[in-house]
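For reference, the structure is listed below as structure tokens.
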Amino acid sequence: MVKNAKKVVKRKVPTFKRPNYGAKRRSRVKNVWRSQRGNDNHMRAKKKNVGVMPMIGFKNSDKVRFLRQDGTMEFVVHNRGELEGLAGKEGITAKFAHDLSKRSRMELQKVADEKKIRISNSFKAEVKPKTVGTEAKQKSAGAESKPKPENQKSNNVKG
């Protein structure tokens with residue numbers, strides 16, 4: 001949390017849904033907002049009890065917009081240059097872009113740890129090295145020929 005920062009409280013915004021979402025005869029309609037265009041549409045005409053449309057009045061104040069709950073601003077990082085540009089700045093949190101690979105996430109995570117940059121969706125997994133064909137076969141063969149414990153009886157013994 002940033003020094004002397006209060007928890008950010010944003011305005012509550014209603015969920016904007018398409019009218020008639022979930023109706024049996026309109027099962028093809030997905031729950032994704034689209035602006036109403038029909039001439040007789042009640043929501044477009046802003047009738048009561050139909051639901052609200054997104055409008056400028058639901059916007060948060062400039063002091064609170066784009067802030068996280070802990071009071072830091074979040075920037076999306078796509079490469080090493082963008083991450084290094086955030087180094088040494090107060091009140092900033094980095095966020096890995098959704099299309100980064102595991103390898104690049106790991107590299108960026110190392111850089112962020114060195115430069116002490118906070119990352120909101122940090123990546124801690126390790127990539128397993130690929131084994132070449134012969135090594136993999138040897139490992140699998142070694143796993144199959146494990147000796148059995150003495151207390152277990154084998155099925156081959158008669159009597």
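Note the full-extension length gain between R65 and K10 as 0.36 nm times their separation in residues minus their Cα-Cα distance, in nm to one decimal.
Here the answer is 19.0 nm.
Which of the pairs K10/K89; K24/K46; K12/K102; K17/K124; K24/K47; K12/K48 have their Cα atoms more than 26 Å apart in this structure?
Those over the limit are K12/K102; K17/K124.
At a 10 angstrom cut-off on C-beta neighbours, averaged per residue, how do the peptides 28-39, 67-78, 88-99 rank from highest to lowest?
Top of the packing list down: 67-78, 88-99, 28-39.
May I ask you to compute the full-extension gain from V32 to S104, defined as 0.36 nm times their residue separation minus their alpha-carbon distance, rounded to one decimal in nm?
Gain on stretching V32 to S104: 22.7 nm.
Using alpha-carbon pairs under 8 Å, 6+ residues apart, how would you state the relative contact order of region 5-103 in percent?
26 percent
Using R₀ = 35 Å, calculate the FRET efficiency as 1/(1 + (r/R₀)^6) where r is the Cβ-Cβ separation of M73 and K48; round to 0.05.
0.35
Readers should treat all values here as calculations from the given coordinates under stated rules, not as data from a laboratory. Remember, predicted model here, so these are calculated numbers, not experimental data. Cβ: placed from backbone, ideal geometry, glycine included. Neighbour counts: every protein chain shown.
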